[in-house]
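Novice: Have a look at the structure that comes next, please.
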Amino acid sequence: MKRVFLLLLLAGCERAPEPRITASTKQAACGQASDETVRIMRGLAPSCEGCHVSGTRGFFSSVSSFQNLIVSDPRMVVPGDPDASEFVRLLEGRGTGAFTQMPIGTKSYAQLFAEGAVTLPIADVRQWIVGLASQARDARPDATAPRITRVKAEQVQRALYQQLGLDYGDFFTNASDYGIPHAQPRSDDLYPFQPDDAYLSPRTSEPSERFHGLGGGSVVGQQKADLSIAPTFVLTLTQVSQRWCRLAYLKANNDALFPAGTTKATDATNVKATITRWFLHFHGTVATAADVDAMYASVWTPLSATSAEAGFVGLCSAFIRHPDWIFY
């Protein structure tokens with residue numbers, strides 16, 4: 001799947017003339033996050049990104065978002081003064097705005113930390129703010145940043161069909177009920193999904209329920225499409241990707257994953273060549289050696305101990321579940 005990038009007419013920080021500006025002040029002027037800012041963001045992310053990874057309040061959608069929407073906003077962070085920073089007050093459960101605490105609910109971040117449910121101490125957040133230099137938000141967009149959109153359920157189906165070498169006939173047969181045509185699932189064990197608005201529409205409810213689990217809407221069912229990264233979406237995509245990757249791996253004469261001239265050999269050289277090819281195939285990116293080695297060590301090595309099939313299916317599914325595939 002190709003990524004869609006936003007072509008910007010405005011230049012990035014490096015293109016703007018900045019005479020007599022040192023590297024450190026340029027970093028602040030351009031709104032770039034420090035290593036400590038990245039550490040703080042990642043430490044807080046498990047508690048915050050559930051609500052703030054997308055939408056109009058996507059503070060944790062990226063490092064640059066956190067830097068520009070939180071760190072560089074004087075309403076949230078006052079460099080050098082954690083007590084005057086609303087960001088700290090929210091984490092401690094004494095916010096002064098519409099929300100008095102984060103995360104919203106019954107317990108603030110400070111209470112969660114006291115119970116051992118989160119690991120980053122608020123003391124670290126305070127010390128980070130104490131050490132912050134004056135911040136300047138960069139109003140100019142990043143010319144290299146991708147335009148991020150979550151794929152729709154229809155796009156999930158279409159992309160998987162194309163990338164895995166599968167099609168309608170692998171999941172459905174045409175049936176008729178009192179002269180009304182229907183799509184009859186071959187087996188629900190294959191995890192088929194299809195919108196109930198489709199022609200031919202599913203004869204049973206499971207395919208359309210799985211489609212809705214992926215955020216698909218329906219005019220017939222009066223169901224609105226959902227483009228959030230909800231738990232149901234993640235669970236459904238995980239199950240579908242694993243089952244469909246296995247189906248593609250076992251499908252006869254299917255060259256989608258292993259084109260002519262490639263093999264399913266399990267030696268390290270061939271597996272890493274496959275991983276390199278799949279980075280381009282699934283994510284539209286040219287992998288670095290570090291990317292390939294990381295995927296080989298974290299996915300292939302443990303799963304291939306069971307079987308070559310488990311290793312290749314696990315790799316395939318990992319590429320599909322990765323944010324570089326879910327978003328484009």
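The values are calculated or read from the model by the stated rules, or taken from the named source; none is laboratory data. Computed from a prediction, not measured in an experiment: that's the story for all the values here. Don't worry about glycine lacking a Cβ; one is built from the backbone with ideal geometry, like all the others, and counts go over all protein chains shown.
Novice: Taking the condition within 20 Å of Ala159 (Cα to Cα) and either in the same structural domain as Gly50 (by TED's automatic domain parsing) or in a loop (DSSP other than H, G, I, E, B) (or both), does Phe193 pass?
Specialist: yes
Novice: State whether one or more residues within the stretch 259-278 are under 21 Å from Gln239 (Cα atoms), surrounded by fewer than 15 Cβ atoms within 10 Å (Cβ to Cβ) and outside the structural domain of Arg158 (by TED's automatic domain parsing).
Specialist: For the stretch 259-278, residues under 21 Å from Gln239 (Cα atoms), surrounded by fewer than 15 Cβ atoms within 10 Å (Cβ to Cβ) and outside the structural domain of Arg158 (by TED's automatic domain parsing): absent.
Novice: If you don't mind, another one. Can you tell me how many residues in the stretch 250-272 are within 19 Å of Thr301 (Cα to Cα) and over 24 Å from the mean Cα position of the chain (by Cα)?
Specialist: The number of residues fulfilling the criteria is 9.
Novice: Can I ask one more? When the residues of the stretch 41-81 are filtered to those that are among the charged types (D, E, K, R) and not in a helix (DSSP H, G or I), which remaining residue is farthest from Ser228 (Cα to Cα)?
Specialist: Within the stretch 41-81, the match that is farthest from Ser228 (Cα to Cα) is Asp81.
Novice: Would you kindly identify the helices (runs of 4 or more DSSP H) lying entirely within the stretch 211-328 that contain at least 2 residues that are modelled with pLDDT of 95 or more and out of contact with any strand residue (DSSP E or B) (no Cβ under 7 Å at 6 or more places or on another chain)?
Specialist: Numbers: elements: 231-250, 268-278, 289-295, 301-304, 308-321, 323-326.
Because the criterion is at least 2 residues that are modelled with pLDDT of 95 or more and out of contact with any strand residue (DSSP E or B) (no Cβ under 7 Å at 6 or more places or on another chain), the helices (runs of 4 or more DSSP H) in the stretch 211-328 that meet it are 231-250, 268-278, 289-295, 301-304, 308-321.
Novice: A further question on this structure: From the residues in the stretch 172-211 that are touching a residue at least 12 places away in the same chain (Cβ under 8 Å) and hydrophobic (A, V, I, L, M, F, W, C), which one is surrounded by the fewest Cβ atoms within 10 Å (Cβ to Cβ)?
Specialist: Ala175
Novice: Tell me, which residue of the stretch 219-234 that is farther than 26 Å from Cys51 by Cβ and touching a residue at least 12 places away in the same chain (Cβ under 8 Å) is surrounded by the most Cβ atoms within 10 Å (Cβ to Cβ)?
Specialist: Of everything passing the filter in the stretch 219-234, Gly221 is surrounded by the most Cβ atoms within 10 Å (Cβ to Cβ).
Novice: Can I ask one more? Looking at this structure, is Arg42 closer than 30 Å to Cys316 by Cα, outside the structural domain of His283 (by TED's automatic domain parsing), surrounded by 13 or more Cβ atoms within 10 Å (Cβ to Cβ) and modelled with pLDDT under 90?
Specialist: So Arg42 does not fit the description; no.
Novice: Being modelled with pLDDT of 95 or more and farther than 19 Å from Leu280 by Cα is the requirement here; does Pro181 meet it? Reasoning before the result, please.
Specialist: On the way: modelled with pLDDT of 95 or more: no; farther than 19 Å from Leu280 by Cα: yes.
No.
Novice: Just give me the residues in the stretch 96-116 being surrounded by 11 or more Cβ atoms within 10 Å (Cβ to Cβ), assigned to a loop (DSSP other than H, G, I, E, B) and of a type in the set (Ser, Thr, Tyr), in sequence order.
Specialist: The answer is Thr100, Ser108.
Novice: Confirm whether Ser72 is modelled with pLDDT under 85, out of contact with any Phe, Trp or Tyr (no Cβ under 7 Å at 6 or more places or on another chain), at negative phi and of a type in the set (S, T, N, Q).
Specialist: Considered against the rule, which asks whether it is modelled with pLDDT under 85, out of contact with any Phe, Trp or Tyr (no Cβ under 7 Å at 6 or more places or on another chain), at negative phi and of a type in the set (S, T, N, Q), Ser72 comes out as no.
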